[in-house]
Structure formats: C-alpha cells, structure tokens
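Only one structure is covered here, and it is reproduced in the block below.
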Amino acid sequence: MRSDLFGENLESTSDETLVLQNPRMLRARLQGSELLARQGAMVAYQGTVEFAYEGAGGVGRFLKKALTGEGVPLMRCRGTGDVFLAQDANELHVLELDGSDGVTVNGANVLAFEPTLTWDIRRVEGASALSGGVFNMVFSGAGRLVISAFGTPVVLNTGEAPTFADLQSAVAWSSSLQTRLVRTAGASALIGRGSGEAFQLAFSGQGFLVVQASEGPVVPTHNHGNSGGGGGIFG
C-alpha cells in the first residue's frame, strides 16, 4: 500500500520526553517515569503504561477545588512506552519552565505536565458568579507543561499597553502579572458571545499573555421538549 500518510505521519523518532507528534498531538515518552495529563486526553499508547486517577493533590488544593466547584480532572501516567495525547484536535504548545518565573493557565487549556512542576488552583476574583466558574492553574518550578489552544494563538506583550482579553480566550499568562475583572456595560452584543454585560480580564505589568483564536466551540443547547418522534416507552 502506498500513501503520503505513511511518510509524513509516522511516529516521531525524537528522544525528547515530550515532543509534538504534529501541531495537534503530543507524544510522551515514558521510561519508567510519570506524567500528569488531563483525563480522557489519551488517544493511543504503546508499551506497558498504567493510568490512574489523580486527586487534587493535597488538602489545600482539594478544598479550593471544592469551593470553586471546578477542577482539572487529572490522571497519572506511569510505565515504559509512548503515550499519545490530544484535546479536541486543538493546537498544542510545549512550555519549558526553568524555575525563574511561573505561568498561569486557564484550567480548560491544560493538557499535560511533568510532576516536577509545582501547581496550585486559583480562581479569578469575582468571575465564578459571572461566568460559571473560571479557575486557573498556576505552575512554577522546573519542568515541561503542554497547553492547548483553540486555533492558532497570539502572544501579547502586556508591558506595551493596557491589555484586556475575553475570559474564555485568555489561555496563559505570566504569573507575575496583575489581573482584575472589568465590566463593559452595554457591550454584550459587540464583545464576545456572552449575554448581559461583557466582562474581560485586565492585565498589567511586564510579561506575556497567550490568547487563543476563539472563545472555544459553541455547545448547542439540548432540547428536552416533547416535540419530534414519539419513540419513548410511553409513546
């Protein structure tokens, strides 16, 4: 059988622990090591690998998760082999932290990270009641972190001018930045996809902000009405 598929899409031969197989798929090479990843992100694996549920990781983070009502569902991958991870065919990016600075990531955009990193859960002040529970994961230390973005993102230098981003479009930013929630009254029809008043995250300080190309896919409203076919038990 002949096809370009077999020439351009074969498994990466890189010896790197975390490498992008392609812009939308990550290959994690485990050599008796471990990796923390989003539950359900595994699309394939080769070798002898075990997957186990990972809790909040400590009493403090457990309480924060309980208070916010949110949390990134994690699994611990361990063993020897290659694990392939993806998230809704989103574009993936590998960040390497060297211990000099931390990064804050929207929980929805966390795909995987090395257990050498220290992490915690934080919620945007006042955002829970307004947007259904916006929470972030803050990473520090030395290790690699893989984030996802809906479409190709842009990286903004927040030190150049006052910077604002939609709550769902802000993917990651320097943990040293000051953030606050701002309201744009009467602009709901013009800014973003929300209803009511429009809210954005304001960033100040020297650092970077990663913004994805969309607020994410639209989730259709499920209709529980009785219209349509009457195929139920009670007809």
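The values are calculated or read from the model by the stated rules, or taken from the named source; none is laboratory data. Nothing here was measured: the structure is a model prediction, and the numbers come from that model. Here the Cβ positions follow ideal geometry from the backbone for every residue, glycine too, while neighbour counts run over all protein chains shown.
Miscellaneous remarks
- Filter pass, Ser128 being modelled with pLDDT under 80 and in contact with a strand residue (DSSP E or B) (Cβ under 9 Å, 6 or more places away or on another chain): yes
- Residues in region 74-117 that are surrounded by fewer than 17 Cβ atoms within 10 Å (Cβ to Cβ) and farther than 27 Å from Glu11 by Cα were compared, and the one that is modelled with the highest pLDDT is Asp98.
- Pick from region 13-28, criterion loosely packed, with under 15 Cβ neighbours inside 10 Å and part of a loop (DSSP other than H, G, I, E, B), ranking: modelled with the lowest pLDDT: Thr13
- Considering region 145-159, the residues that are over 22 Å from Ser100 (Cα atoms) and out of contact with any Ser or Thr (no Cβ under 8 Å at 6 or more places or on another chain) include one that is surrounded by the fewest Cβ atoms within 10 Å (Cβ to Cβ), namely Thr152.
- In region 151-170, the residues that are among the hydrophobic types (A, V, I, L, M, F, W, C) and modelled with pLDDT under 95: Ala161, Phe164, Ala165, Leu167, Ala170
- Whichever residue in region 171-185 is touching a Gly at 6+ places or on another chain (Cβ under 6 Å) and of a type outside the set (Ser, Thr, Tyr) and, among such residues, is modelled with the lowest pLDDT: Leu181
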